Amino acid sequence: MQTLVEFIAQYRPGFSEEIVPADELDIALLEEHAGPLPGAYLRFLQTMGTSTGEFSFAEASFSIDGTIMTYQAKPWLRQGRFINVAGDNGLSGWDYFLDRSRPYGADDCMLVRMPLEEGFPPEASHPEHAGLEEFLYYEAFKALRLPMLPHRREFSSPEDPGAAARYRADLVSALAEKKGFERIGPTRRCALYERGDAGLLLYQHPAAPAFSFSLGCEEPAEMEQLARDFEARTGLRGVAPRVASPPGL
C-alpha cells in the first residue's frame, strides 16, 4: 500500500502526512469479529486504517473504528462470507464488503456493495470492483487526476449483457497505447493511463462484459480529435460529463 500512498501524493502532496494506520490491537479485534482478513485489506489497515486524512475514496468511510462498531451493532455479520470494510457516506445506504467466495489475485477479494440488512440475499449484492486495490487506485485517479484536465468525455458500453458483449474493452487499451498513453499502477482489470497532457481511466465490471472509460485533455482541439478516434475505434459515443446545477436552480 505504500505504492498507493506515493501514487496519491503525486496529485495530493502531503498525503503521507495525513494518513493514520490502524492500531494492531484494533486489527486483532476486527479479526475476532470478521474472521481472517485478506492481505490487501490488512495492508490497507496497516497503512491508513484509522484515517485517510481529508481524502475520501468514493464517499466511503474506511475507518477501522467505524467498521468495528458496525460488527458490534450487527452481530449477524460476524465470521460471514462478506467482510464489511467501509460505510457509505453518500446517499445510497449500501456499504462496501469484500466477498470471500470471490478471491482475486494473490490476496484480494471482489468488492461488492449491499445494505446492512439481516438476511439480505447474497445474490442481490452489487459487484463493484474485482478487488479492493483496484477500487482504491481507480477512485484515486478519478478523484484527483481527471479533474485536473478541463476537457473530458465519458464513454459507456450498454448495460444489457447481450449488447455489451459486442463491444471490447481491449480496443480502448490498444488505442490508448497507440496514442502515446502509458499505463500506470498495478491494476489489471481496470486501467489507468497517463500522457502528461491527457489521461484515461478505464473501468471494467468485475462480473460482466460492460465497461466504461473517461478521457480528459488539457486542450480542447486534442480532446475533440481523441474523442473522434475513440468513437471510431470502439463504436461508443462520448458525452461531456454532467455538471451539477448551482443550488437554487
Residue count, the range 148-165 (criterion: open to solvent by 40 Å² or more (accessible area, probe 1.4 Å) and either closer than 16 Å to ALA232 by Cβ or hydroxyl-bearing (Ser, Thr, Tyr) (or both)): 2
Subset of the range 40-67 (residues that are of a type in the set (Val, Ile, Thr) and out of contact with any Leu (no Cβ under 8 Å at 6 or more places or on another chain)): THR50, THR52
Qualifying residues in the range 7-22 (those that are out of contact with any Phe, Trp or Tyr (no Cβ under 9 Å at 6 or more places or on another chain) and in a helix (DSSP H, G or I)) - the one least open to solvent (accessible area, probe 1.4 Å): SER16
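Select, from LEU25, LEU42, LEU30, LEU98, the only residue that is under 14 Å from MET1 (Cβ atoms) and either among the aliphatic types (A, V, I, L, M) or not in a helix (DSSP H, G or I) (or both). Can you show your working first?
Details: LEU25 fails: under 14 Å from MET1 (Cβ atoms); LEU30 fails: under 14 Å from MET1 (Cβ atoms); LEU98 fails: under 14 Å from MET1 (Cβ atoms).
Checking each option against the conditions leaves just LEU42.
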Residue selected from the range 88-103 under the condition in contact with a strand residue (DSSP E or B) (Cβ under 9 Å, 6 or more places away or on another chain) and open to solvent by 50 Å² or more (accessible area, probe 1.4 Å), by the criterion farthest from GLU123 (Cα to Cα): ASN89
One residue from GLU219, GLU177 being farther than 22 Å from ASP108 by Cβ, surrounded by fewer than 17 Cβ atoms within 10 Å (Cβ to Cβ) and in contact (Cβ under 8 Å) with a residue 60 or more places away in the chain: GLU219
Tally of residues being at pLDDT 95 or above and more than 23 Å from LEU42 (Cβ to Cβ) across the range 95-117: 1
Test: residue in the range 181-204 that is closer than 18 Å to ARG233 by Cβ, within 19 Å of the chain's Cα centre (by Cα) and open to solvent by 70 Å² or more (accessible area, probe 1.4 Å): yes
Residues (open to solvent by 70 Å² or more (accessible area, probe 1.4 Å), touching a residue at least 40 places away in the same chain (Cβ under 8 Å) and under 21 Å from ASP23 (Cβ atoms)) located in the range 56-83: ARG78
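The values are calculated or read from the model by the stated rules, or taken from the named source; none is laboratory data. Only a predicted model underlies this, so the values are computations on that prediction, with no experimental measurement involved. Glycine gets a Cβ as well: all are built from the backbone with ideal geometry, and neighbour counts include every protein chain shown. Side chains are part of the model used for accessible areas, which takes the heavy atoms of the whole protein and leaves out ligands, DNA and RNA. Shrake-Rupley method; radii C 1.70, N 1.55, O 1.52, S 1.80 Å.
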